[in-house]
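Reading through the structure tokens given below for one structure.
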Amino acid sequence: MKEVRKKPVWLKTVSIAFVVVWLLIAAGPFLWTAWGSFKVQADFFSKSDWMNAIYGVKTLLETGSEFTGQGYYGAWIEQDFWLAAINTFVVVFSVVIISLTIGTLGGYALARSGFRYSLWILMIALVLRAMPHITLVSGYMLPFFEWNLWGHLGTTIIVLVAINQPFTLWMLHSFFLNIPKDMDESAMVDGCTRFQAFKHVIIPVMWPGVITTGLFSFLLAYNDFAVTGMLLSQENQTMVPKIASFLGTTQVEGNVMFAVAAVVSAMIPLFFLVLFFQKQIVSGLTAGAVKG
């Protein structure tokens, strides 16, 4: 048997150092923000000594403790951030369900279609996806104002689905192409209709692809600011515009620590979502590498 060659020590050292540096760059800002969310503004944004953010000197003087939850209380209770979280859930859930439903049916139909128009539909979808989001928003503004629909969650869901649909169509179309047509035909020979074959045979096979596409759709709706900031009224704001409102304007003084606490709160669901679906995400992202 051939001996397995060991990696040189210098290569291991460089690899470990690279991973550590990458983790500091990627996770460092979030960990620092999470730590600072339990301090007062005078500590976290101290210009005299940045170490105040670690030891909480001003926090201890103002609250009697080195840590405080004033930022979270102010954001969630005083400023009704909980309502923005509910609005975000409604918008995100609706966008993901509608986008995946249309995307799976449309992607399957285009993948199994032998007509030339399927390519043209995908090309048009790609062009629409490449357009700036603000272009679609400006096109919807006039009818929304005329029909008194501006400011509602439903209008924002419509626009986000329109923006996201080309992406889901392309993604799911590529996943369907990697599934042999023989599976459809075998199911229909056994007595299934086209839709039954799609539902009971094809969807279970490409479920990781659906999860991956759904996650990207979730992130689009969850992190959107341009669409939600322009189309939603103040009482119907989602989390991202609400966080921006905490920063204040030239006329209104904001509370930065409310924004810091809200940012940390908004990041936690993303962490657990990716952690829960990590196997499906990896399977979905690598599904295109193997055909058949």
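On each of the three principal axes of the Cα atoms of the range 10-61, give max minus min coordinate, whole Å, ordered largest first.
Principal axes ranked by extent give 49, 17, 16 Å for the Cα atoms.
Can you give me the distance in nm between label points at residue 12 and residue 117, each placed 7 Å from the Cα along the Cα-to-Cβ direction?
6.3
Residues with amide H under 5 Å of residue 151's amide H, sequence separation 5 or more or different chain, H placed in the peptide plane at 1.01 Å from N; which?
The answer is 233.
Convert each backbone phi in the range 40-45 into a coupling constant with the Karplus relation 6.51 cos²θ - 1.76 cosθ + 1.60 (shift: θ = phi - 60°), then list the ³J(HN,Hα) values in order as whole Hz, x for Gly and Pro.
8, 4, 5, 8, 5, 10
Excluding residues on the same chain fewer than 8 positions from residue 58, give the lysines whose Cα lies under 24 Å from its Cα.
39, 47
Need one number: nm distance between label points at residue 267 and residue 54, each 7 Å from Cα along Cα→Cβ, rounded to one decimal.
With each label placed 7 Å out from Cα toward Cβ, I get 1.9 nm.
Taking the alpha carbon gyration tensor of the chain, what are the square roots of 5 times its eigenvalues, largest first, to the nearest whole Å?
Largest first, the chain gives 42, 31, 16 Å.
For every helix of n ≥ 4 consecutive DSSP H residues, a contribution of -39,500 (n - 2.57) applies; sum these over the chain, divide by its total residues, and give [θ] at 222 nm rounded to the nearest 500 deg cm²/dmol.
Taking each H run of at least 4 residues, the total per residue is -22500 deg cm²/dmol.
With a 10 Å radius around each residue's Cβ, average the other Cβ atoms per peptide and rank 190-200, 72-82, 216-226, highest first. Walk me through the numbers on the way to the answer.
Numbers: 190-200: 13.2, 72-82: 16.6, 216-226: 18.9.
Top to bottom by mean Cβ count within 10 Å: 216-226, 72-82, 190-200.
Specify the residue with the greatest mean-square fluctuation among 14, 240, 189, computed from a Gaussian network of the chain linking alpha-carbon atoms under 10 Å apart.
14
Place the peptides 153-159, 112-118 in order of packing, highest mean first, counting for every residue the other Cβ atoms within 10 Å and averaging per peptide. Walk me through the numbers before you get to the answer.
On the way: 153-159: 20.0, 112-118: 10.7.
The packing order, highest mean first, is 153-159, 112-118.
With a probe of 1.4 Å, find how much accessible area the range 64-198 has per residue, and write the answer as a whole number in Å².
Normalised by residue count, the accessible surface of the range 64-198 is 55 Å².
Can you work out the Karplus-derived ³J(HN,Hα) for every residue in the range 154-161? Use 6.51 cos²θ - 1.76 cosθ + 1.60 with θ = phi - 60°, whole Hz, and x for glycine or proline.
With coefficients 6.51, -1.76 and 1.60, one gets x, 5, 5, 4, 4, 5, 5, 5 Hz.
So for the chain, averaging the separation of alpha carbon pairs under 8 Å that are six or more residues apart and normalising by length, what relative contact order in percent results?
Value for the chain: 24 percent.
Where a Cα-Cα gap under 28 Å defines reach, which lysines qualify for residue 181, not counting those fewer than 8 residues away within the same chain?
Partners found: 199, 279, 291.
Quote to one decimal, in nm, the extra length available between residue 21 and residue 185 on full extension: 0.36 nm per residue of separation minus the C-alpha distance between them.
Extending this stretch completely gives an extra 53.9 nm.
The values are calculated or read from the model by the stated rules, or taken from the named source; none is laboratory data. Note that this is a predicted model, so its numbers are computed, not measured. Please note: Cβ atoms are built from the backbone with ideal geometry, for glycine as well, and neighbour counts cover all protein chains shown. All accessible areas refer to the heavy atoms of the entire protein, side chains included, with ligands and DNA or RNA removed. Shrake-Rupley method; radii C 1.70, N 1.55, O 1.52, S 1.80 Å.
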